[in-house]
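**Student:** Let me give you the structure first, and then I'll get to my questions.
Read the figures in this text as sums done on the coordinates, not as results from a lab. Everything numeric here is computed off the predicted structure, so don't read it as measured data. So basically every Cβ, Gly included, is an ideal-geometry build from the backbone, and we count neighbours across all protein chains shown.
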Amino acid sequence: MKNIQIATEIKVYKDRTELPDDIFNLLVEAEQAAQKAYAKYSNFKVGAAVLLNNGLTISGNNQENAVYPTGLCAERTTVFYASSQYPEVPILKIAITAINAQKPLTIPVPPCGSCRQVLLEYEQKFNQPIEVIMAGESGEVYVVASVSELLPCTFHGGFLK
Ligand code: THU
């Protein structure tokens, strides 16, 4: 028997003022997308913005439904749209943020497990790490260099060959 340990490295910026311009700009797009979320049941509005390898950015938000499980997270709305429009263009970065109508969000919003799995698919499809930027409405901003940092010990397409 042996133990293995898996470490995740997170860059922590003390707030938005510390961010490099490209990350700041992508986060602004995610914020604007969050404002347009359809989140009438949770009142938790999430926005995501991706930077593609062709320089384009695409943003999206969560879409809820009266049949709760049929709704979709902001991250998946965004990357599914990006992949449907630009199937051969790698995703380089994704910024995620949210607005909570109940109380101001002062901690970074990470992608849920299902979104991590979906993001990982595109990372592996292009063999290209996707940088993940996570922010609340204020406070610290987390940046990880790749989705696999957030989802180690993963199930991936290689198992199916
Ligand atoms: N949500 C996202 O859009 N992304 C996440 O990673 C976590 C949760 C949405 C789903 C639902 O519309 C609302 O936030 C509350 O869970």
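**Student:** So for the pair Lys103, Val67, with labels modelled 7 Å out along Cα→Cβ, what separation do we get in nm?
**Tutor:** Using points 7 Å along Cα→Cβ, the separation is 3.4 nm.
**Student:** So between Met1 and Gln35, what do we pick up on full extension, going 0.36 nm a residue minus the alpha carbon distance?
**Tutor:** Residue separation times 0.36 nm, minus the Cα-Cα distance, leaves 7.2 nm.
**Student:** Shifting gears a bit: Throw me the Rg/Rh for the stretch 1-49, computed over C-alpha atoms with Kirkwood Rh, two decimals.
**Tutor:** That ratio is 1.23, to two decimals.
**Student:** Projected area of the stretch 118-161, taken from the Cα convex hull and averaged over every viewing direction, in nm²?
**Tutor:** Mean orientational projected area (the stretch 118-161, Cα hull): 3.6 nm².
**Student:** Evaluated at 20 °C with a viscosity of 1.002 mPa s, what Stokes-Einstein diffusion coefficient in µm²/s does the chain have when Rh comes from the Kirkwood expression over alpha-carbon pairs?
**Tutor:** 133
**Student:** What is the distance in Å between the Cα centroid of the stretch 111-161 and that of the stretch 37-53?
**Tutor:** Going from one Cα centre to the other spans 17 Å.
**Student:** Going by amide H atoms built from the backbone, whose H comes under 5 Å of the H on Val46, apart from near neighbours?
**Tutor:** Asn62, Ile99
**Student:** Given the C-alpha atoms of the stretch 60-102, compute the convex hull and give its volume per residue in Å³.
**Tutor:** It is 76 Å³ per residue.
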